[in-house]
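The values are calculated or read from the model by the stated rules, or taken from the named source; none is laboratory data. Just so we're clear, the structure is a prediction, and the values are computed from it rather than from any experiment. Every residue, glycine as well, gets a Cβ built from its backbone with ideal geometry; the counts of neighbours run over all protein chains shown.
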Amino acid sequence: MTRERSRELLLATRNDGKIRELRELLDGAPFVLRSLAEFPHVPEAEETGETFEENAAIKASFYGNATGLPALADDSGLEVAALGGAPGVRSARYAGKDVGYDVKIARLLEELGRIGVADRRARFVCVAALFDPMTGSVRLFRGVCAGRLADAPRGAGGFGYDPIFVPDGYDDSFGQLSSDVKQLISHRALAVATAREFLMKS
């Protein structure tokens, strides 16, 4: 990351939950964190990629070019073993882009119940992308958190599929675990930690 704009970093998302989590993960880093809320004229990036890596790079470069700022974007999703890795990169659009996660979760649990398998293994995957508008370069950082799916949503914390995901080594879901724990073990925490380390050295 070039030093000319190193004090500013765009959090390239409009998801309030992600913004809150990213701010926590980057707390104390010597950057002025900007938000897409400050750039209401910038349209939505089209996530046309087939992988987390492709979509993260698309978003980081699109929003970075649109604002002229170094940008941090991520693409993440839930991969369920019994569903062949679905919903995967389509996690946010599962059951429809404009429906709430309560609907998405209900559909996911319904599908698992319909196929009648005992395998509840799942994992959260996150790829963070850092875009430098001065060079046009994109750096990718991957984080994975393995676990299993609960039978029903538990807890009101987190966002997305958090209430049904129970990470390995824990009995509580991401919807129940504290943010302090999630900042150590979550897929996004792991990806952003390596991105932060790169930023601090550049």
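Of Val117, Val89, Val125, Val144, which residue is over 14 Å from the mean Cα position of the chain (by Cα) and in contact (Cβ under 8 Å) with a residue 12 or more places away in the chain?
The match here is Val117.
This table checks each residue for (1) touching a Pro at 6+ places or on another chain (Cβ under 8 Å); (2) at negative phi; (3) assigned to a helix (DSSP H, G or I).
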| position | (1), (2), (3) |
| --- | --- |
| Glu53 | no, yes, yes |
| Ala56 | no, yes, yes |
| Lys59 | no, yes, yes |
| Asp74 | no, yes, no |
| Gly85 | no, no, no |
| Gly96 | no, no, no |
| Val99 | no, yes, no |
| Asp102 | yes, yes, yes |
| Glu110 | no, yes, yes |
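Any chance segment 5-27 includes a residue that's among the basic types (Lys, Arg), in a loop (DSSP other than H, G, I, E, B) and without any contact (Cβ under 8 Å) to a residue 60 or more places away in the chain?
Taking segment 5-27 first, the residues among the basic types (Lys, Arg) are 5, 7, 14, 18, 20, 23.
Subsequent filtering for residues that are in a loop (DSSP other than H, G, I, E, B) retains 7, 14.
Filter once more, keeping what is without any contact (Cβ under 8 Å) to a residue 60 or more places away in the chain: 7, 14.
Yes.
Could you check Asp98 against (1) surrounded by fewer than 20 Cβ atoms within 10 Å (Cβ to Cβ); (2) modelled with pLDDT of 95 or more and say which number it fails?
(2)
Assess whether Tyr161 counts as being in contact with a strand residue (DSSP E or B) (Cβ under 8 Å, 6 or more places away or on another chain), modelled with pLDDT under 95 and crowded, with 20+ Cβ neighbours inside 10 Å. Please lay out each step first, then the result.
Numbers: in contact with a strand residue (DSSP E or B) (Cβ under 8 Å, 6 or more places away or on another chain): yes; modelled with pLDDT under 95: no; crowded, with 20+ Cβ neighbours inside 10 Å: yes.
When the stated conditions are applied, Tyr161 does not pass them.
Does segment 165-181 hold any residues that are closer than 20 Å to Arg20 by Cα, of a type outside the set (Gly, Ala, Ser) and either in contact with a Leu (Cβ under 8 Å, 6 or more places away or on another chain) or in contact (Cβ under 8 Å) with a residue 60 or more places away in the chain (or both), and which are they? Spell out how you get there, then give the answer.
Let us first name the residues in segment 165-181 that are closer than 20 Å to Arg20 by Cα, namely 165, 173-181.
Subset that is of a type outside the set (Gly, Ala, Ser): 165, 174, 176-177, 180-181.
Selection gives Phe165 alone.
Checking the conditions here, which among Pro133, Pro153 is modelled with pLDDT of 95 or more, out of contact with any His (no Cβ under 9 Å at 6 or more places or on another chain) and within 25 Å of Glu21 (Cα to Cα)?
Values: Pro133 fails: modelled with pLDDT of 95 or more.
Only one candidate passes the filter, namely Pro153.
Any idea how many residues of segment 149-164 are assigned to a loop (DSSP other than H, G, I, E, B) and either without any contact (Cβ under 8 Å) to a residue 60 or more places away in the chain or over 13 Å from Arg123 (Cα atoms) (or both)?
Residues of segment 149-164 assigned to a loop (DSSP other than H, G, I, E, B): 150-161.
Narrowing the set further to residues that are either without any contact (Cβ under 8 Å) to a residue 60 or more places away in the chain or over 13 Å from Arg123 (Cα atoms) (or both) leaves 150-160.
Here the count works out to 11.
For segment 169-196, enumerate the residues that are in a loop (DSSP other than H, G, I, E, B) and either hydroxyl-bearing (Ser, Thr, Tyr) or under 16 Å from the mean Cα position of the chain (by Cα) (or both). Full working, then the answer.
First, pick out the residues of segment 169-196 that are in a loop (DSSP other than H, G, I, E, B): 169-178, 186.
Answer for segment 169-196, where residues must be in a loop (DSSP other than H, G, I, E, B) and either hydroxyl-bearing (Ser, Thr, Tyr) or under 16 Å from the mean Cα position of the chain (by Cα) (or both): Tyr170, Ser173, Phe174, Gly175, Ser178, Ser186.
Out of Leu108, Leu69, Leu78, which single residue is touching a residue at least 12 places away in the same chain (Cβ under 8 Å), crowded, with 20+ Cβ neighbours inside 10 Å and under 18 Å from the mean Cα position of the chain (by Cα)?
Numbers: Leu108 fails: under 18 Å from the mean Cα position of the chain (by Cα); Leu69 fails: under 18 Å from the mean Cα position of the chain (by Cα).
Just one listed residue meets the conditions, Leu78.
Which members of segment 167-198 meet the condition of being charged (D, E, K, R) and either in contact with a His (Cβ under 6 Å, 6 or more places away or on another chain) or farther than 14 Å from Leu26 by Cβ (or both)? Break it down into steps so the answer makes sense when it comes.
Start the filter on segment 167-198 by keeping residues that are charged (D, E, K, R), which leaves 168, 171-172, 180, 182, 188, 196-197.
Passing the criteria: Asp168, Asp171, Asp172, Asp180, Lys182.
Which residue pairs have Cβ atoms closer than 9 Å, lie 6 or more positions apart in sequence or on different chains, and pair a first residue in segment 28-48 that is surrounded by fewer than 11 Cβ atoms within 10 Å (Cβ to Cβ) with a second residue that is part of a loop (DSSP other than H, G, I, E, B) and not charged (D, E, K, R)?
Qualifying pairs under 9 Å: Pro30/Ser6.
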